[in-house]
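**Student:** Before I ask anything, here is the structure I am working with.
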Amino acid sequence: MKTREEIEQEYVLKDAERRERFRQERLALNAREDNERGLLDAARNAALAELDDPMARLITAGKGWLEQHGNCSYEPCNALRDAIDYAEQRRVQE
């Protein structure tokens, strides 16, 4: 039969294990939240940078229009594709 001290020690150990498990779970959750926050910050910064860059806005708008319009060989669509390609090449060079 266990003594009072042995029973108390057993519960102290179980409580310490439970607290450590909770601490580890909290650390993992904090790390995941920090990662998600970093991704959201990067997306927000990219969107704000695009607002500040008129050429990026035009490229994005042109691509969006072409995606909605579909893949066709209509001359204005070809001209827009060429203009987007050229603008993207120039932005890479800068």
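The values are calculated or read from the model by the stated rules, or taken from the named source; none is laboratory data. Being a predicted model, the structure only gives us computed values, none of them experimental. Every residue, glycine among them, receives a Cβ derived from its backbone with ideal geometry; neighbour counts consider all protein chains shown.
**Student:** With at pLDDT below 90 and not in a helix (DSSP H, G or I) as the only criterion, which of Cys77, Cys72 stands out?
**Tutor:** Details: Cys77 fails: not in a helix (DSSP H, G or I).
Unique residue meeting the criteria: Cys72.
**Student:** Here is a check on your reading of the model: is Leu58 in a helix (DSSP H, G or I), among the hydrophobic types (A, V, I, L, M, F, W, C) and free of Cβ contacts under 8 Å to residues at least 24 places away in the same chain?
**Tutor:** In short, no.
**Student:** Among what's in the stretch 31-66 and is acidic (Asp, Glu) and modelled with pLDDT of 85 or more, pick the residue that is nearest to Gln89 (Cα to Cα).
**Tutor:** Per the criteria, the residue is Glu36.
**Student:** Could you tell me whether Asp15 is over 16 Å from the mean Cα position of the chain (by Cα) and exposed (fewer than 10 other Cβ atoms within 10 Å of the Cβ)?
**Tutor:** Considered against the rule, which asks whether it is over 16 Å from the mean Cα position of the chain (by Cα) and exposed (fewer than 10 other Cβ atoms within 10 Å of the Cβ), Asp15 comes out as no.
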